[in-house]
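The values are calculated or read from the model by the stated rules, or taken from the named source; none is laboratory data. Bear in mind that the values here come from a model prediction, so they are computed numbers and not experimental data. Cβ placement follows ideal geometry from the backbone for every residue including glycine, while neighbour counts extend to all protein chains displayed. For the accessible areas, the whole protein counts, side chains as well, though only heavy atoms, and no ligand, DNA or RNA atoms are used. Shrake-Rupley method; radii C 1.70, N 1.55, O 1.52, S 1.80 Å.
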Number of protein chains: 2
Amino acid sequence: MNDLTQTPEMLIAAMGARARAAATALASASDAQKIDALRRAAQALRDQAPQILAANARDVENAAANGLSPAMLDRLRLDEARVEATAAGVDQVAILDNPLGRIIDKQVRPNGMELSRVRVPLGVIGIIYESRPNVTADAAALCLRAGNAVILRGGSEAKESNRAIHAAMAEGIAAAGLPADAVQLVPTTDRAAVGALLKASDFIDLIVPRGGKSLVARVQEEARVPVLAHLDGINHSYVDGAADPDMAVKLIVNAKMRRTGICGATETVLIDQAFAAAPAIVKALLDAKCEVRGDAAVQALDERVVAASDEDWDTEYLDAIVSVRLVDGLDEALSHIAAHASHHTDAIITEDAQKAERFLNAVDSAIVMWNASTQFADGGEFGLGAEIGISTGRLHARGPVALEGLTTYKWLVRGTGQTRP
Amino acid sequence: MNDLTQTPEMLIAAMGARARAAATALASASDAQKIDALRRAAQALRDQAPQILAANARDVENAAANGLSPAMLDRLRLDEARVEATAAGVDQVAILDNPLGRIIDKQVRPNGMELSRVRVPLGVIGIIYESRPNVTADAAALCLRAGNAVILRGGSEAKESNRAIHAAMAEGIAAAGLPADAVQLVPTTDRAAVGALLKASDFIDLIVPRGGKSLVARVQEEARVPVLAHLDGINHSYVDGAADPDMAVKLIVNAKMRRTGICGATETVLIDQAFAAAPAIVKALLDAKCEVRGDAAVQALDERVVAASDEDWDTEYLDAIVSVRLVDGLDEALSHIAAHASHHTDAIITEDAQKAERFLNAVDSAIVMWNASTQFADGGEFGLGAEIGISTGRLHARGPVALEGLTTYKWLVRGTGQTRP
């Protein structure tokens, strides 16, 4: 259906104009209508599971023929359980608290004007993502519930799956009487369309890249639209001298090894040299089949420890590898974290409340934890429901971003004829 | 003192590294210390008024020789009263509520983890501004109180004034035991330094341009750092058919004419054709020496009205000129505003509360008013104290931005050994 003479800029401008109109309609739609749309979309996903799986099978076949890695193929592949999980995710968004209309603050000025700040939709959101086709449903559901129109641009390897999932979402939305243009999928996998999306500041209020580092880097480099992005998760767990030994072993193994590929995984363990159970921590990691890269002091604790290079302290492994360093107490731990952290999630393990509070105050990261596993760094675990992503930026929203992060606010002034002197 | 072989990038990187170190020190400084720094800085401004005025006289002399316009010369020129007002402005920032450490929300998760979001400094802020030298003190004071380091880059025409004001601020800050690098002034007026600042995403967390449209446009075009910017204020006041005639006349004259050059001034007046006092409004504007550009219906109301062109509906005059249009009730007013507003400040004047609430909900602007003058669009009038600017963007902060907008938050998790299942 694409006009072959249409440039990517023309395509995105046309989609952007339709998205803006849909966003205006959504802003005045009731929350009940949005909930209805999500429930119908979830049902459409379930009803159309055969078509979605057939489309996905074509994508997987193509991708395998094109030599996509097994890890990428796994991300791409859907089965009945994954389609059901995707539909259930959309249903979950429908039961979250409505973020819109919430009064952030309210005051009466001395001249009698009543002033309030109220949450409203952000507008039009662009999502650029890679192989996971469930993002098509997840991201659309979150954007819609927060009153936003969304333009989705998925990876070329998932194009058939994304079309099928998008069709189900659009059907549910239209059945609820909302504009189907509220959720649009860029119909071409031409890379130039991404460039056009990144520059469409007239039409798009926020871009959220979801994918690997090279995608995020390209988006940050090229975007003329604000970006909510996730960079590295070089997360630290610091075991203080006053830590409970059993808790420390249990937390460190969980923080590193529960799932090594998620952004909340601990990548560096700092241990107070005064902590007697340091060898037990290193042993537990090694026994859990984690490669331990340590400084000389850590190598002395267990012969299986290999030498860490300078680079290790700045590496996000996303694998069963950890760097471990013995430090001279809290101050050296804080210095190490200030120098090497990616400001994502960092934790202290200690029974000393004063030291814990010092750590919570001093560490400048999106999430700072005391006696908890860094693997909890997740919107669902934080009670936010599904997340659109974890922001490592400092503006607008930091850490897990869910519905509230997809809103903005406006100031309402209710007067009785006040003029400014 | 500048090394002539130093590139602008090297200069900004060196300043940025010092700013980052100062921001770290500020983050752990007490609020009392920041207040003390501001009080000492205000006193230093008063004590050094003779030097500041002498520096300013040199700037004004140069600028006049270079043919700067009278309006720009007026912005540049300081006298004793303006220096005192600048010092008083710094004192005002010292009495605002501390934005840091405020708990945004707090919850206990089912597994017992306590989760809270707490306001913390944003980090390092870059301010790029034009001829008004008082910005050197105003912006520095706001950034400092919110715990941020700031890099200031003022206009070349104000360089001597800025240096003198900066010297007083730095002296006050150092006297309070805080790092003088918390407030740095770019020592060169080379335009390439602005470019380097706009790309220094490793060192700078937010850029705030303060100046005319060409400055803001350049910053938005070139910046690789997030920007908090103010674009147009094409503000509307809509006089509904159910408006009180006296209130309507009074509000419209104030909204347009109190000060025509501020961003909150009304630029377009929409009047319900059913409003009987429409001629009185047009007459009052004309009598107040405002040029009225109207459609045919408005021209029929008073012979002094000139014809509006299509362009007028999209023009921010910042002058004693207004465009006036008769509309067919609230719906047409909303359509006009959706098509032409710059999403800054728009108002309805009516005695009909239902229509007012519809307007407040439907208009997608940073500030939406009912029965009040758009000239109130100002951080001071909103009780925020001094403002760093009024944001017309939708991310992070919208409308008047003061201390809170110069902060971010972090998530604190306090556990008792929880691991993620």
Quiz item: Of all residues in region A:97-116, which are β-branched (Val, Ile, Thr) and in a loop (DSSP other than H, G, I, E, B)?
Solution: none
Quiz prompt | Residue tally, condition crowded, with 17+ Cβ neighbours inside 10 Å and basic (Lys, Arg), over region A:101-122 | solution = 2
Practice problem: Report whether or not A:Ile271 is in contact (Cβ under 8 Å) with a residue 60 or more places away in the chain and either open to solvent by less than 50 Å² (accessible area, probe 1.4 Å) or hydroxyl-bearing (Ser, Thr, Tyr) (or both). | Solution: no
Quiz item: Does any residue in region B:104-116 that is more than 27 Å from B:Gly405 (Cα to Cα) and polar (S, T, N, Q) come within less than 7 Å, Cβ to Cβ, of a residue that is surrounded by 12 or more Cβ atoms within 10 Å (Cβ to Cβ) and at pLDDT 95 or above six or more places away or on a different chain, and which pairs are these?
Solution: B:Asn111/B:Gln418
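Every residue, every condition in (1) buried (at least 19 other Cβ atoms within 10 Å of the Cβ); (2) at pLDDT 95 or above; (3) not aliphatic (A, V, I, L, M), yes or no:
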position: B:Glu9; (1), (2), (3): no, no, yes
position: B:Ala32; (1), (2), (3): no, yes, no
position: B:Arg40; (1), (2), (3): yes, yes, yes
position: B:Gln43; (1), (2), (3): no, yes, yes
position: B:Pro50; (1), (2), (3): no, yes, yes
position: B:Ala57; (1), (2), (3): no, yes, no
Quiz item: Taking region A:55-74, which residues are in contact (Cβ under 8 Å) with a residue 12 or more places away in the chain, over 27 Å from the mean Cα position of the chain (by Cα) and within 17 Å of A:Asn162 (Cα to Cα)?
Solution: A:Arg58, A:Asn62
Quiz item: Any idea how many residues of region A:213-231 are more than 9 Å from every other protein chain (Cβ to nearest Cβ) and in contact with a Leu (Cβ under 6 Å, 6 or more places away or on another chain)?
Solution: 2
Exercise. Could you grab the pairs with beta carbons closer than 7 Å, sequence gap of 6+ or different chains, first residue in region B:233-251 and within 12 Å of chain A (Cβ to nearest Cβ), second one assigned to a strand (DSSP E or B) and of a type in the set (A, V, I, L, M)?
Key: B:Ser237/B:Val269; B:Ser237/B:Ala347; B:Ser237/B:Ile349; B:Ala243/B:Ile349; B:Met247/B:Ile349; B:Ala248/B:Val239; B:Ala248/B:Ile349; B:Leu251/B:Ile349
Quiz item: Is it the case that region A:189-204 has a residue that's touching a helix residue (DSSP H, G or I) at 6+ places or on another chain (Cβ under 7 Å), surrounded by fewer than 18 Cβ atoms within 10 Å (Cβ to Cβ) and under 20 Å from A:Ala140 (Cβ atoms)?
Solution: yes
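Could you name every one of the strands (runs of 3 or more DSSP E) located completely within region A:286-376 that has at least 3 residues being open to solvent by less than 10 Å² (accessible area, probe 1.4 Å) and closer than 28 Å to B:Leu26 by Cβ? Break it down into steps so the answer makes sense when it comes.
Details: elements: A:291-294, A:321-327, A:345-349, A:367-372.
Passing ranges, in order: A:345-349, A:367-372.
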Exercise. Would you check if there is a residue in region A:269-276 being away from every other protein chain (no Cβ under 14 Å), among the small types (Gly, Ala, Ser) and not in a strand (DSSP E or B)?
Key: yes
Quiz item: Just one of the numbered conditions (1) open to solvent by less than 30 Å² (accessible area, probe 1.4 Å); (2) within 8 Å of chain B (Cβ to nearest Cβ); (3) under 16 Å from the mean Cα position of the chain (by Cα); (4) under 29 Å from A:Arg117 (Cα atoms) is not true of A:Val413; which one?
Solution: (3)
Quiz item: How many residues are at the interface with chain A (Cβ under 7 Å from one of its Cβ atoms), over 30 Å from B:Val249 (Cα atoms) and open to solvent by 10 Å² or more (accessible area, probe 1.4 Å) when one looks only at region B:377-409?
Solution: 4
Practice problem: Identify the single condition in (1) in a helix (DSSP H, G or I); (2) open to solvent by 50 Å² or more (accessible area, probe 1.4 Å) that B:Lys256 does not satisfy, given that it satisfies every other one. | Solution: (2)
